[in-house]
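Below is one structure, written out as structure tokens; the observations come after it.
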Amino acid sequence: DAGVIQSPRHEVTEMGQEVTLRCKPISGHNSLFWYRQTMMRGLELLIYFNNNVPIDDSGMPEDRFSAKMPNASFSTLKIQPSEPRDSAVYFCASSFWENEQFFGPGTRLTVL
Amino acid sequence: AQTVTQSQPEMSVQEAETVTLSCTYDTSESDYYLFWYKQPPSRQMILVIRQEAYKQQNATENRFSVNFQKAAKSFSLKISDSQLGDAAMYFCAYRSADNDMRFGAGTRLTVKP
């Protein structure tokens, strides 16, 4: 298996633009997680899905952030409009129920 | 909400020596999981070791072992025979039974040759 796949690996955009981050979990995993990592706040859980259903989105910072999981093999995290303070590394991770999470390589987002 | 505390922002160890990284957590749950993840400069998050709260026996993975003290809510990581490749950020993580995951702030480990 190729592991968790995230795209793009790097994204540079201007304030106000829409940003879409993509994730393909490991085949057979039924839980998917989105995290944000910054120097100031560390690793934060934004939202997670079980069997494609969002379970807890209390970590999503604002209404500008939204996440979807239309099927078991794909998820997106969208920021609209983006702001400079959204600059961070965004990780996607997947697991099979409560087993260990496997992380993707992350997307480094820079909002100018 | 559960919190995870790593009180050591930085640690250093001599190659081949042993080092222990500390982690405490706060929870009212009885069923949960604990993890240590390693993040090298490549920023890839790599699972080092996991511990189920219902297991009394401390988990061990080669040179990595934990000291799990459930009553004290402590979960420290011991790295034996430290190697240069062990240098990284180490994150302690708590996962509840319903999949909510919380990470500590991390400890940066330096290994001196």
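Values computed for the structure shown
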quantity	calculated
Rg(Cα) / (2.2 N^0.38 Å) computed for the protein assembly as shown, rounded to two decimals	1.02
Listed residues A:82, A:34, A:6: farthest to the positive end of the dipole of chain A (Cβ charges)	A:6
Size-normalised alpha-carbon gyration radius of chain A, reference 2.2 N^0.38 Å	0.99
Rg [Å, one decimal], Dmax [Å, integer] - the range B:2-52, C-alpha atoms	13.3, 39
Highest-MSF residue in chain B out of B:90, B:25, B:54 [GNM, Cα springs under 10 Å]	B:54
3J(HN,Hα) from dihedral phi, the range B:27-34, Karplus parametrisation 6.51/-1.76/1.60, rounded to Hz, x for glycine, proline	7, 10, 8, 9, 10, 6, 10, 10
Listed residue (B:47, B:77, B:28) projecting farthest to the positive dipole end of the range B:1-79, Cβ model	B:47
Nearby aspartates and glutamates by direct alpha-carbon distance to residue B:70 (threshold 12 angstrom, same-chain neighbours under 8 apart not counted)	B:26, B:29, B:31, B:52
Radius of gyration and maximum dimension Dmax of the range A:1-49, Cα, Å	13.0, 37
5 Å-binned pair-distance histogram of chain B (Cα, whole percent)	2, 13, 24, 25, 19, 10, 5, 1, 0
Phi to ³J(HN,Hα) by Karplus 6.51 cos²θ - 1.76 cosθ + 1.60 over the range A:45-53, Hz, x for Gly, Pro	7, 8, 7, 9, 10, 10, 6, 6, 9
Centroid-to-centroid separation of the range B:35-68 and the range A:47-68 [C-alpha atoms, Å]	27 Å
Average Cα contact separation per residue, the range A:19-90, under 8 Å, 6 or more apart, as relative contact order %	36 percent
log₁₀ of I(q)/I(0) at q = 0.13, 0.14, 0.32 Å⁻¹ - the range B:65-113, Debye sum with one point per alpha carbon	-0.40, -0.46, -1.22
Aspartates and glutamates with Cα under 20 Å of residue A:68, excluding same-chain neighbours fewer than 8 positions away	A:11, A:18, A:44, A:56, A:57, A:86, B:98, B:100
Relative contact order computed over chain B (Cα-Cα under 8 Å; 6+ residues apart), in percent	38 percent
Longest to shortest principal axis, alpha-carbon extents of the range A:53-97, angstrom	34, 19, 18
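Any read-out appearing in this document is the output of simple, stated calculations on the displayed coordinates, not a laboratory observation. Predicted model, so just to flag it, every value in this text is computed and none were measured. A quick note on method: Cβ atoms are made from the backbone with ideal geometry, for glycine too, and the neighbour counts reach across all protein chains shown.
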